[in-house]
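The values are calculated or read from the model by the stated rules, or taken from the named source; none is laboratory data. These numbers were taken from a predicted model, which means no experiment stands behind them. All Cβ positions, glycine included, derive from the backbone under ideal geometry; neighbour counts span all protein chains shown. Quick note on the areas: whole protein, heavy atoms, side chains included, nothing else; ligands and nucleic acids left out. Shrake-Rupley method; radii C 1.70, N 1.55, O 1.52, S 1.80 Å.
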Amino acid sequence: MKENRKKELLAGIVLLAAFALWTVLIRHIDVQNAGPNGTEIGFATINVWFHRLTGVHMLIYTITDWLGLVPIIICMCFGVLGLVQLVKRRSLLKVDSDIVLLGTYYVVVILGYLLFEMVPINYRPILIDGNLEASYPSSTTLLVLSVMPTLKYQIDRRIANPATRTAITVFVIVFSAFMVIGRLVSGVHWATDIIGSVFLSSGLFMIYRFMADYTDQKKTYLKAEVSNGV
């Protein structure tokens with residue numbers, strides 16, 4: 001178990017490092033004024049080729065945009081769970097540690113999104129309502145891949161029924177795949193924007209899971225010490 005936690009932490013760090021490196025490369029490799037209004041885009045040859053291959057599908061864009069509410073609702077549900085525990089137990093310290101960490105994790109994801117909104121790396125390959133919008137990393141992809149794995153993780157922790165756990169797992173996989181592929185082929189992001197979101201969200205989730213598992217292990221250790229009269 002301890003070895004698995006170390007692997008989770010290492011995987012999270014490697015993925016975040018990969019995201020950082022990917023971001024730097026986008027700003028320096030094959031940069032061309034290939035975007036709308038002559039905006040610069042890294043990995044331009046590949047990005048433009050893929051964008052022309054898929055074309056623009058505003059219906060898919062609209063569908064995935066609205067379905068982006070699903071992970072937001074999931075965040076709100078866990079927020080309500082934490083609030084109920086806080087009211088009943090009358091102390092933040094008595095709220096389940098994995099829920100407190102989950103709230104912190106969601107805040108970090110939001111801050112990451114806001115950071116790249118304020119410091120655009122790429123702009124979308126098309127104008128949205130006549131305006132340039134930041135495109136890197138894909139915010140919808142980041143939201144989906146950051147939140148949906150936490151749904152499966154929390155269900156696995158809190159529900160013993162195998163059928164329910166299997167149903168949630170299938171839902172998470174199918175929904176996440178549909179959203180990522182949908183954003184990729186909709187033509188509203190460069191392909192590199194989607195890849196960046198995958199690196200960032202996966203890295204953040206692995207570190208969240210490490211922290212939650214580590215906290216569980218620490219609580220178990222402390223309970224054992226108390227039981228042994230240490």
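Key figures for this structure:
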item	result
Of all residues making up the stretch 108-133, the number that are of a type in the set (D, E) and in a helix (DSSP H, G or I)	1
Pair list, Cβ under 8 Å, 6 or more apart: the stretch 1-26 residue farther than 15 Å from L200 by Cα and surrounded by 12 or more Cβ atoms within 10 Å (Cβ to Cβ), other residue at pLDDT below 95 and of a type in the set (D, E, K, R)	R5/D213
Unmet requirement for M148, which otherwise passes all of (1) aliphatic (A, V, I, L, M); (2) in contact (Cβ under 8 Å) with a residue 60 or more places away in the chain; (3) outside any helix (DSSP H, G or I)	(3)
Residue that is part of a helix (DSSP H, G or I), more than 22 Å from M206 (Cα to Cα) and at pLDDT below 95, where the choices are T140, T164	T164
Candidates Y113, Y123, Y136, filtered to the one that is more than 19 Å from the chain's Cα centre (by Cα), surrounded by 14 or more Cβ atoms within 10 Å (Cβ to Cβ) and within 30 Å of N37 (Cα to Cα)	Y123
Boolean, V180 is open to solvent by less than 70 Å² (accessible area, probe 1.4 Å), assigned to a helix (DSSP H, G or I) and modelled with pLDDT of 95 or more	yes
Every residue from the stretch 51-107 that is open to solvent by 70 Å² or more (accessible area, probe 1.4 Å), outside any helix (DSSP H, G or I) and either on the phi > 0 side of the Ramachandran plot or without any contact (Cβ under 8 Å) to a residue 12 or more places away in the chain (or both)	R90
